[in-house]
Amino acid sequence: MFFNDRQNSIDKIMEVYMETVKLGILGMGTVASGLVKIIELNNSKISDSIGKKLCVEKVLVRNPNKKRNSGLPQNIYTTDAYEIINDPDIQIIVELIGGIDPAREHIKAALKNKKHIVTANKALIAACGGELEELAAINGAKLMYEASVAGGIPIINTISENLAANEFDQITGIVNGTTNYILTQMTENGLEYEQALKEAQRLGFAESDPSSDVEGDDAVYKIAILASIAFGQEIKIKDIPKEGITKISREDINYARELDYRIKLLASAVKKGNEIEIGVHPTFIPAKHPLSTVKNEFNAVFLKGNAVGELMFYGKGAGSLPTGSAILGDIISILKGGKTGCHKFKKIEKYKITYNAFKPYYIRFEVIDKPGVLGKIADAFGANGISLASVMQRQKNGDNIAPLVFITHAAYRKNIDAALKEINKFECVAKIADIIMVENFE
């Protein structure tokens, strides 16, 4: 008992004399609230790790009079970002307002003031990462953004540090929790797309305007960041083709299951010789592959390195606490003097960015139910150099319209598109309902 009391007294004395690191936070939404909660919850663990105390000094908000459950005193809030940026006592600024502007201007001003920056802003890093890294280097500051991709999964620092000895051949991931939740509900509970989206919005997994998620933009930002780091070359958002999940129907989900596949929105970058093939698309993946088991709001990233082989990282891709944990990890790394603030977005052109997409494809038609239709469509595929792996015909849906499903052997997407342009002119084809890439990870 005496020993414990004495140790507690020593700990309290050390805490009094421990250096305090003051943080400024731009934005006080869900992620910022999670960050503050973790600092409070794990205060002793954090202090033991870095030998310093963390203190939130000022927070930028739109409305300082709004009631919040952060536990922070009311006088900590400000509506003036430069009250934080120009405060000489604040060492680290956490940017959580999102979007490109005014976040970019705030970060640039802070870096010029030699403040370290931690951000979860994937759109900003994907669009301006190289520019901001250069500015950080000039001013002897660090720019950290682990939380910008895959929430609590430490994938950025893993690629840039722990696996830095590897040449990467592939990085493929489920990096958007909203779309993964929707597709999971369609697969497991038989919901149509609109029903699953409404459920995701009700539970807070989807925004009231879900377009960035469901149309693939969010995943594009994330694969741009990951591929730039993995392949040592800055990759621009405009060079990444994308397709969202809004056209996926319950019929597609059921056909995938029947063929022993699952549909996921995959963001993928694969090195092939002197090219990087990159894109974001709904994809059939084998039910036996680990990525097919990633459900609901969870994320996963599959890596292939020439030394380490195949690895998969799995965890919650969003949420206040997982993302707050990633932010806090970056803060601790800065305070420990980690080297993770180095240039990751290199403005060189080692590889040509392409999207040849030499893959098998699932193609679903709605056709007039009469003899000769199957043969006519198969001939059009053959004329464009496309061979067929399987064909599925079902009874007509009504009005003499029947579904007809093909899985092709590997073919270039330009050949697929050429064949479909021809097939779409056939009177017997009522509709080309969907085209989905098939990934066998071979």
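Brief remarks on what is shown
- The angle separating the long axis of helix 373-383 from the principal Cα axis of greatest extent in the chain is about 70 degrees.
- Whole-percent carbon and sulfur share, accessible surface of the range 350-442, 1.4 Å: 46 percent
- With Rh defined as the Kirkwood radius, the inverse of the mean 1/r over Cα pairs, the Rg/Rh of the range 199-326 is 0.96.
- Solvent-accessible area of the range 120-245 (1.4 angstrom probe, protein heavy atoms only): carbon and sulfur portion equals 45 percent.
- Computed over the chain with a Gaussian network model linking Cα atoms closer than 10 Å, the most mobile of ARG68, ARG250, ARG394 is ARG394.
- Rounded tilt (10° steps) of 413-423 against the dominant C-alpha axis of the chain: 40 degrees
- For the range 60-99, the dipole from Cβ point charges (+1 on Lys and Arg, -1 on Asp and Glu) about the Cα centre works out to 380 debye, to the nearest 20.
- A cut-off under 11 angstrom between Cβ atoms defines the neighbours of GLU83, and their net charge, with Lys, Arg +1 and Asp, Glu -1, is -2.
- The eigenvalues of the Cα gyration tensor, multiplied by 5 and square-rooted, give the range 124-193 an equivalent ellipsoid with semi-axes of 33, 16, 10 Å from largest to smallest.
- Selection from LEU203, ALA137, MET18, by position along the positive dipole direction of the chain (Cβ): MET18
- Positive-pole candidate from PRO322, ALA307, ALA430, dipole of the chain, charges at beta carbon: ALA307
- When +1 charges are put on Lys and Arg Cβ atoms and -1 charges on Asp and Glu Cβ atoms, the dipole computed for the range 244-325 relative to its Cα centre reaches about 120 debye.
- The distance from the alpha carbon centre of the range 113-137 to that of the range 159-220 is 24 Å, rounded to a whole number.
- Surface share of carbon and sulfur [accessible, 1.4 angstrom probe, percent] for the range 14-116: 47 percent
- Cα-based helix-to-principal-axis angle, 122-138 vs the chain, degrees rounded to 10: 40 degrees
- The label point for HIS409 and the one for GLU131, both projected 7 Å from the Cα toward the Cβ, are 4.8 nm apart.
- Here's the picture: charge each Lys and Arg Cβ at +1 and each Asp and Glu Cβ at -1 in the range 311-442, and of ILE386, ILE353, LEU335 the one pushed furthest to the positive end of that dipole is LEU335.
- In this simple spin-label model, placing a label point 7 Å from the Cα along the Cα-to-Cβ direction at both LYS295 and ILE332 gives a separation of 3.1 nm.
- Point-to-point label distance, ILE237-ARG202, nm (Cα→Cβ direction, 7 Å offset): 3.2 nm
- Given +1 at the Cβ of Lys and Arg, -1 at the Cβ of Asp and Glu and no other charges, the dipole of the chain around its Cα centre is 340 debye to the nearest 20.
- All other residues whose Cβ lies under 13 angstrom from that of LEU183 are scored, Lys and Arg at +1 and Asp and Glu at -1, for a net of 0.
- Candidate aspartates and glutamates for bridging to LYS316, where Cα separation is under 12 Å - those fewer than 8 sequence places away on the same chain excluded: GLU297
- The chain, accessible area per residue, ligands and nucleic acids excluded (1.4 Å, Å²): 47 Å²
The values are calculated or read from the model by the stated rules, or taken from the named source; none is laboratory data. Everything numeric in this text was worked out from a predicted model, so none of it was measured. Heads up, the Cβs are rebuilt from the backbone with ideal geometry, glycines too, and the neighbour counts pull from every protein chain shown. These area figures cover heavy atoms from the full protein model, side chains too; ligands, DNA and RNA do not enter into them. Shrake-Rupley method; radii C 1.70, N 1.55, O 1.52, S 1.80 Å.
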